[in-house]
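The values are calculated or read from the model by the stated rules, or taken from the named source; none is laboratory data. Note that the coordinates shown come from a computational prediction; the quantities given were computed from them, not determined experimentally. Neighbour counts are summed over all protein chains in view; Cβ atoms, including those assigned to glycine, are modelled from backbone coordinates with ideal geometry. Each accessible area value is taken on the protein alone, full model and side chains, heavy atoms only, with ligands, DNA and RNA left out. Shrake-Rupley method; radii C 1.70, N 1.55, O 1.52, S 1.80 Å.
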Amino acid sequence: MDILGIDIGGTFTDFVLLREGRVRIYKTLSTPDDPARALLQGVDTLGAPATIVHGTTVATNALLERRGAATALITTDGFGDVLVIGRGQRPALYDLNVTRSDPPVPDAWRFELVERMLADGRVLTPLGDDELARLVDWLATQSVESVAICLVHSYANPLHEERVAATLEQAAHASQRRLFISASHRILPEPREYERASTTVVNAYVSPVLGRYLDRLGPALTDRGVRSVRIMASDGGSMGLVTARELAARTTLSGPAGGIVGAYTVAQRAGFTRIITFDMGGTSTDVALINGALPLTSESHVGGLPVRLPSLDIHTVGAGGGSIARVDAGGALRVGPQSAGADPGPACYGRGTLPTVTDANLLLGRLQADHFLGGRMTLDVERARTAFMALARDLFGTQNPGDEQRAALGVVRVANALMERAIRAISVERGDDPRDCTLVAFGGAGPLHAAHLADALGIRTVLAPRYPGVLSALGMIAADVTRESSRALLITLDTLDLATLAAHIAALADEALAALAADGEDPHGCRIECFLDLRYVGQSYELSTPLPQTWASSPMPLIELAEQFHALHERRYGHAMRERRIEAVTLRVRAVSPRRTIDIAPEGLPPRTTSLIPRAVVQAALTGDTATLEPAPLYERDDLRPDDTIDGPAIIAQFDATTIVPPGWRVVVDVDLNLLITSLSPRPSPAALPA
């Protein structure tokens, strides 16, 4: 196997190369103006592999920064403002200055057709040829390169959407115009008008941008000898370039999904099935709770818009190593969401001037200037100190010796509080106790903060993988190739015909397998996973309920399926309503082309002839309670061997990350060279875990 995983982050671009059973890693600063430049630099450094799996932020950044393709929306008469109206939710209830981002499609590029389909698929108002001609004439005068088609109830009957798409394709061909067309019955054949319109528009908005990026990148990789390229998808799988060009909206959580898959892979090998993943990078932190399987969801939010496509259930907070610290108008210390990114980066990188979380860790001795990136990059302590002296003046109103370190401790604690809140959101607020989980810490900054974060949450064990700073890239190598198809049902469970359901499953499976075949996968080696989105009649939201793998040959009795849903509902919401009828809203079928299991066990480790000793004794503040610097041993990760034990306080440095072991914690190295960090004494349970 010769495969390279690449994760382009906000600060660093990470590489993991698996060649002839050996793992090699590499990191370089990202190049935000042209992400391909850093990618190609890493490929040249490591040597071109046969296959690349690439996590990309191209589509995400285009959506966040509103730099996508010029897109028109074609919809039913009276529904042109659906993107602006959205939902009546108020995510910031007490924010008096809340503003909404502009929709990707401005008013002038929304076109309403006189037609109407009913929810049962019957035609209320036919779509006339004169309406199609009016659309073609209007579009000829507009400078758009992409079109989103979302007609009311097209999930029930796509006839009108198919006619619109065919007409536009013919008109574009006749005029020799390049026009990307995204139709909702192909992208998301499901109810909920706003979410369907938003997802279709997002796909139309970002697909041409990703397509141009791949057009530039592909020939450069081919010239270097790369034979196959896959793109990481939001659902924890990967996809070929054919699917990536058609469904770029599937890449909006590309990088974070790789991290979840990597953490899941490492934790499984280490014997942990119930974990909380903690991925702290340069610009943000992503967390997820895994209970035996990857946590799939049918909807995510990016750039203020719902994207109702399969994705991993990831919660993101704007706190990372590059997050900028400031004092707000009320005198409170704030961290993020603004980030220094890769350019100019934290002050200690030598170009930035604003204080960041990375600078704070450097001033506290948790990062050592000459042990960053394995000594390949020296951090500027005095530049970080200057940045924090200015912050300390704003925070304390005085200028006393040590104020910059007190401010640095405050920044770290505020960042930890933000990340703790994110973990509570995916655990406590959903009825799960984080104390029952193992915290898997990765990302360039994750192991720096993990032990203190675990202590605050009552978590007893932290797992720091062998390569924490590049785990997202490792996860991309391990990711299966996936494709999901769905169909709206909108029928109560007691009236659902099993034969009809089996026919729907077979049709959707054929559709998903055909998509995998178009990406070069062998359909015969794929497995099929089925899910029903169920809810109680009258509810507005569903719970995805898995069907057993044996469903096709031995369907589950509907009474058992109903009981499974009751149990899921009780776990999530604390109650079940067994007397209520259950409605099947959507059927989902997922085709999976599995990858070979990656063997990441270390090989050929030279024996250590002496006992483990630290490389140095440094001054650092590791307790989390004080900014006072005290002696702490510093170990090199490459010196560690299975069964080595280190008691805190200690610092463990390596090329891609630094791990902090506070006093009262112990590290044991496992057979895969992961660090298992455990509390030495029972900690009191958190006084209040909010419900």
Next on the checklist: Exactly one condition in (1) touching a helix residue (DSSP H, G or I) at 6+ places or on another chain (Cβ under 6 Å); (2) open to solvent by 40 Å² or more (accessible area, probe 1.4 Å) is false for Ala479; which is it?
Outcome noted: (2)
Checklist entry - Any chance the range 400-411 includes a residue that's in contact with a strand residue (DSSP E or B) (Cβ under 6 Å, 6 or more places away or on another chain) and farther than 18 Å from Trp665 by Cβ? => result yes
Next on the checklist: Here is a check on your reading of the model: is Pro663 in a loop (DSSP other than H, G, I, E, B), in contact with a strand residue (DSSP E or B) (Cβ under 9 Å, 6 or more places away or on another chain) and within 24 Å of Gly402 (Cβ to Cβ)?
Outcome noted: yes
Checklist outcome for this item: Checked against (1) open to solvent by less than 40 Å² (accessible area, probe 1.4 Å); (2) in a loop (DSSP other than H, G, I, E, B), Arg466 satisfies every condition except (1)
Checklist outcome for this item: Within the range 14-38, restricting to residues that are in a loop (DSSP other than H, G, I, E, B) and either β-branched (Val, Ile, Thr) or over 29 Å from Arg67 (Cβ atoms) (or both), the one that is farthest from the chain's Cα centre (by Cα) is Glu20
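Just need a number here: residues in the range 339-354 that are among the hydroxyl-bearing types (Ser, Thr, Tyr) and surrounded by fewer than 15 Cβ atoms within 10 Å (Cβ to Cβ). Before the answer, list the steps.
First pass over the range 339-354, keeping only residues among the hydroxyl-bearing types (Ser, Thr, Tyr): 339, 349, 353.
When the remaining residues are screened for being surrounded by fewer than 15 Cβ atoms within 10 Å (Cβ to Cβ), the result is 353.
Residues in the range 339-354 being among the hydroxyl-bearing types (Ser, Thr, Tyr) and surrounded by fewer than 15 Cβ atoms within 10 Å (Cβ to Cβ): 1 in total.
Of the residues that sit in the range 436-460 and are assigned to a loop (DSSP other than H, G, I, E, B) and touching a strand residue (DSSP E or B) at 6+ places or on another chain (Cβ under 7 Å), which one is nearest to Ser679 (Cα to Cα)?
Step one: list which residues in the range 436-460 are assigned to a loop (DSSP other than H, G, I, E, B), which gives 437, 443-445, 458-460.
Narrowing further to those that are touching a strand residue (DSSP E or B) at 6+ places or on another chain (Cβ under 7 Å): 437, 443-445, 459-460.
Numbers: Cys437: 14, Gly443: 22, Gly444: 23, Ala445: 20, Ile459: 9, Arg460: 6 Å.
The extreme case among them is Arg460.
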Checklist entry - Within the range 355-408, restricting attention to residues that are among the small types (Gly, Ala, Ser) and surrounded by fewer than 19 Cβ atoms within 10 Å (Cβ to Cβ), which residue is farthest from Pro447 (Cα to Cα)? => result Gly397
Checklist entry - Restricting attention to the range 514-521, does a residue exist that is open to solvent by less than 50 Å² (accessible area, probe 1.4 Å), over 30 Å from Asp2 (Cβ atoms) and out of contact with any Phe, Trp or Tyr (no Cβ under 7 Å at 6 or more places or on another chain)? => result no
Checklist entry - If you go through the range 579-598 one residue at a time, how many are surrounded by fewer than 13 Cβ atoms within 10 Å (Cβ to Cβ) and touching a His at 6+ places or on another chain (Cβ under 6 Å)? => result 0
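Could you check the range 161-249 for helices (runs of 4 or more DSSP H) lying wholly inside it with 3 or more residues that are among the hydroxyl-bearing types (Ser, Thr, Tyr)? Steps first, please.
Values: elements: 184-187, 193-223, 241-246.
Result: 193-223.
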Checklist entry - Is it the case that some residue within the range 163-171 is touching a strand residue (DSSP E or B) at 6+ places or on another chain (Cβ under 7 Å), free of Cβ contacts under 8 Å to residues at least 40 places away in the same chain and acidic (Asp, Glu)? => result yes
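Restricting to strands (runs of 3 or more DSSP E) lying wholly in the range 481-593: which have 3 or more residues that are more than 20 Å from Asp313 (Cα to Cα)?
Fully inside the range 481-593 and qualifying: 481-492, 527-536, 582-593.
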Checklist entry - Can you find a residue in the range 319-331 that is under 24 Å from Pro546 (Cβ atoms) and open to solvent by less than 10 Å² (accessible area, probe 1.4 Å)? => result no
Checklist entry - Which residues, counting only those in the range 180-210, are open to solvent by 10 Å² or more (accessible area, probe 1.4 Å) and either over 21 Å from the mean Cα position of the chain (by Cα) or farther than 30 Å from Leu489 by Cα (or both)? => result Phe180, Ile181, His185, Arg186, Pro189, Pro191, Arg192, Glu193, Tyr194, Pro208, Val209
Checklist outcome for this item: Among residues of the range 332-350 being small (Gly, Ala, Ser) and in contact (Cβ under 8 Å) with a residue 12 or more places away in the chain, the residue nearest to Gly410 (Cα to Cα) is Gly336
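To keep it simple, each residue is scored yes or no on (1) in contact (Cβ under 8 Å) with a residue 40 or more places away in the chain; (2) not aliphatic (A, V, I, L, M).
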site	(1), (2)
Thr461	yes, yes
Pro465	yes, yes
Leu471	yes, no
Arg483	yes, yes
Ala488	yes, no
Ala499	no, no
Ala503	no, no
Ala507	no, no
Item to check | Positions within the range 1-35 being among the small types (Gly, Ala, Ser) and surrounded by 20 or more Cβ atoms within 10 Å (Cβ to Cβ), in sequence order | outcome: Gly5, Gly9, Gly10, Ser30
Checklist outcome for this item: By residue number, the members of the range 18-41 that are in contact with a Leu (Cβ under 8 Å, 6 or more places away or on another chain) and either under 30 Å from Cys150 (Cα atoms) or small (Gly, Ala, Ser) (or both) are Ala36, Ala38
Checklist entry - Is there any pair with a first residue in the range 599-617 that is loosely packed, with under 13 Cβ neighbours inside 10 Å and a second that is modelled with pLDDT of 75 or more and polar (S, T, N, Q) whose Cβ atoms are under 7 Å apart and which are 6 or more apart or on different chains, and what are they? => result none
Checklist outcome for this item: Those residues of the range 47-82 which are farther than 30 Å from Val229 by Cβ and free of Cβ contacts under 8 Å to residues at least 60 places away in the same chain amount to Asp77, Gly78, Gly80, Asp81
Checklist entry - For the range 271-300, how many residues meet the condition of being open to solvent by 30 Å² or more (accessible area, probe 1.4 Å) and under 15 Å from Thr438 (Cβ atoms)? => result 6
Checklist entry - Which condition number does Asn97 fail, the rest of (1) surrounded by 10 or more Cβ atoms within 10 Å (Cβ to Cβ); (2) modelled with pLDDT under 90; (3) out of contact with any Phe, Trp or Tyr (no Cβ under 9 Å at 6 or more places or on another chain) being met? => result (1)
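Name the residues in the range 77-94 that are touching a strand residue (DSSP E or B) at 6+ places or on another chain (Cβ under 6 Å) and open to solvent by less than 20 Å² (accessible area, probe 1.4 Å), would you? Don't jump to the end; show me each part of the working.
Here is the first cut: in the range 77-94, the ones touching a strand residue (DSSP E or B) at 6+ places or on another chain (Cβ under 6 Å) are 77, 80.
The one that is touching a strand residue (DSSP E or B) at 6+ places or on another chain (Cβ under 6 Å) and open to solvent by less than 20 Å² (accessible area, probe 1.4 Å): Gly80.
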